[in-house]
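Below is one structure, written out as structure tokens; comments come after it.
Each value in this text was obtained by applying a stated rule to the coordinates, not by laboratory testing. Note that the structure is a prediction, hence the values are computed from the model and not measured. A quick note on method: Cβ atoms are made from the backbone with ideal geometry, for glycine too, and the neighbour counts reach across all protein chains shown.
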Amino acid sequence: MAREIRLGLGVLITSLGVLLVRFLVPRPIGMADNGDGWRLLCQLGASQPDRPSEKFVRFAYGAAPECKSAYISSQSWLDKTASELGKLLGSSSVLNLLVLGVLCTVLLALGITAIVLGLRLSTRNRIIATALLLLVAGDSAFFGYVASVLSEGAAFIGILLLCGGLLLMNRAGAWRYAGAVVTVAGALIGINAKTQTLLLIPVFVLALLFVRAPGVRGLARWALPLAVLAVAGTGTALMQSTGDPANAEYREANMYHVVFDAIVDGKHDSAADLAALGLPAEFAKYSGTGWWSAHPAHSDPLYPKYRDKISRRNVAHYYLTHPLRTVEIMQKSAQEVLTARVPNLGSFGEHAGQPPLAKEYRVPVVSGLTGFLAPLGLFFLLPLWIVVLWLGIRAFRRRSGRRDLGVVTLMLLLFSVGQFLASGLGEGIEGVKHQQLTLFPTLLAAVFAGLSLLPRKAPEEVPAASDEAAQEVAVQPAA
């Protein structure tokens, strides 16, 4: 146990040090606001839409008049915590993204540490796992969200903690209970990060069903997973009941973007697509417009007559009756998944001496590779998923104790596929940004799938129960 604790402290200190340097040196980096940040800033009384948002990161937000926002995100917990910490540290800002960035970096390091401690691998292979996890969590496509007013950061943190907690729950003794605490924290943060992350609920429940610590049977096996499910489920229900995570306007806006950006994109037979959707041919002039554009279709006098056609049911019917067109849309979505880097968001502050929309490339390993392969789209993404699926099932079925890695791999993979379909077929715009919640868990699943091929910790490093008893007898003083 003492050796494991020392290992955990080493991983935590190393991960935190690497990520803090990555965040602050030579200058702080973050992720600029695409315009959605006000939904969380309103809840802090810090929404100030008076300075550039997409071109630069705004690292400090002062007090602002109150505004209403029913948006639900666990990112608000991180923001409020950072706000209070900032006040304790003497910051005059309502929200200082440097404080938020350090807080999120600590949570990322804790997630990586929990995962490494949950892995039943040799010390050398755990070091390899730490490096791989740092490459994914610290990649330039994802890491900037630690200092951001957007909610993707909470999703990434929650997913890491959730994976670490589930792996720890598959260990015996005190680690199992520590894993339960980490799992609850990861589930609450990850599931409630965004509307899209609610897709984690079914795969998380399935993963809990297969949690099994060595030597724990019967009621004792089920008591802890059920307690975790009860706490995480109750917390999520209470969180989601406080507002509307995607109110009616946003639901209609999403379908508007699917219709006028993804389907009627001006590059195909717009007249035929509009007819298939039950919309008038003159709506072709709104191709490429957004819900908040200067002259959108919903400002047209004819729009109320056809409003019922801008619906999930109508869009789903189009997809089912136009399979080739649907595959084309999915191919574009797959390319957006692999592109990884959001093109319209900068990484640096206004006074960092960088041009507008400048991006940092401190850790471009993973996103650089996927970006290079992006033109392949489904021709790369589908084989990758198939390989990960095969390795996940292989680990799940093996009798050598790799089920824990198989469960986590399959949970991440199923979430990735669900997120890909939801964003690719149900969002319509900002595909690269929305699909980062597909790429991040896909890459983590690939890491866990690869780790499942490594040999388990040597038997002599995990003493059997009889050996432990013999050791206890050996150290007892003679009568």
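What the table shows:
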read-out: Amide hydrogen neighbours beyond the local backbone of residue 140, cut-off 5 Å, H modeled; value: 363, 365, 367
read-out: In Hz, Karplus ³J(HN,Hα) per residue of segment 405-420 (6.51, -1.76, 1.60; θ = phi - 60°; x = Gly, Pro); value: 5, x, 4, 5, 4, 5, 4, 5, 5, 5, 5, 4, 5, x, 5, 4
read-out: Cut-off 16 Å, label 7 Å out along Cα→Cβ of residue 387, residues of segment 338-355 by amide N; value: 338
read-out: Charge dipole (the chain, unit charges on Cβ, about Cα centre) - positive-most of 271, 380, 342; value: 380
read-out: Relative contact order of the chain, pairs being alpha-carbon contacts under 8 Å that are 6 or more residues apart, as %; value: 18
read-out: Calculated from backbone phi, Karplus (6.51, -1.76, 1.60) coupling profile of segment 202-210 in Hz, x at Gly/Pro; value: x, 6, 5, 4, 4, 4, 4, 4, 9
read-out: Cysteines in the chain lacking a second Cys C-beta under 4.7 Å; value: 104, 163
read-out: Whole-number percent relative contact order across segment 2-245, with pairs defined as alpha carbons under 8 Å at least 6 apart; value: 20
read-out: Helical contribution to [θ] at 222 nm, DSSP H n ≥ 4, -39,500 (n - 2.57), averaged over the chain, rounded to 500; value: -19000 deg cm²/dmol
read-out: Long-range amide H partners of residue 121 with built H, under 5 Å; value: 457
read-out: Theoretical FRET efficiency, 1/(1+(r/R0)^6), r = Cβ-Cβ of residue 77 and residue 238, R0 22 Å, to 0.05; value: 0.95
read-out: Alpha-carbon spread of segment 1-81, three principal axes, descending order, Å; value: 52, 30, 19
read-out: Residues 56, 372, sorted so that the one with the fewest Cβ neighbours within 10 Å comes first; value: 372, 56
read-out: For the chain, size of Cβ-based charge dipole, Lys and Arg +1, Asp and Glu -1, in debye; value: 1320
read-out: Relative exposure of 420, 59, judged by other C-beta atoms within 10 Å (fewest first); value: 59, 420
read-out: Degrees between helix 152-169 axis and first principal axis of the chain (Cα, 0 to 90, nearest 10); value: 30
read-out: Where the Cα pairs of segment 2-245 fall when distances are cut into 10 Å bins, in %; value: 8, 30, 33, 21, 7, 1
read-out: Overall Cα dimensions of segment 196-289, principal axis frame, Å, largest first; value: 67, 29, 18
read-out: Calculated P(r) tail over 19 Å for segment 248-321, as whole % of Cα pairs; value: 22
read-out: Convex hull projection area averaged over all views, segment 262-372, Cα basis, nm²; value: 9.7
read-out: Distance from segment 206-239 to segment 268-325 (C-alpha centre basis), Å; value: 45
read-out: Ranked 54, 282, criterion: other C-beta atoms within 10 Å, fewest first; value: 282, 54
read-out: For the chain, the spread of Cα positions along each principal axis, largest first, Å; value: 97, 55, 42
read-out: Hz values of 3J(HN,Hα) by residue in segment 297-306 - Karplus curve (6.51, -1.76, 1.60), Gly and Pro given as x; value: 4, 6, 8, 6, x, 7, 4, x, 5, 10
read-out: Degrees separating the helix 465-475 axis from the principal Cα axis of the chain, which is the longest one; value: 50
read-out: Under-5 Å amide H pairs with residue 349, H placed in peptide plane, nonlocal only; value: 57
read-out: Helix 75-88 axis, angle to the chain major axis (alpha carbon atoms, nearest 10°); value: 70
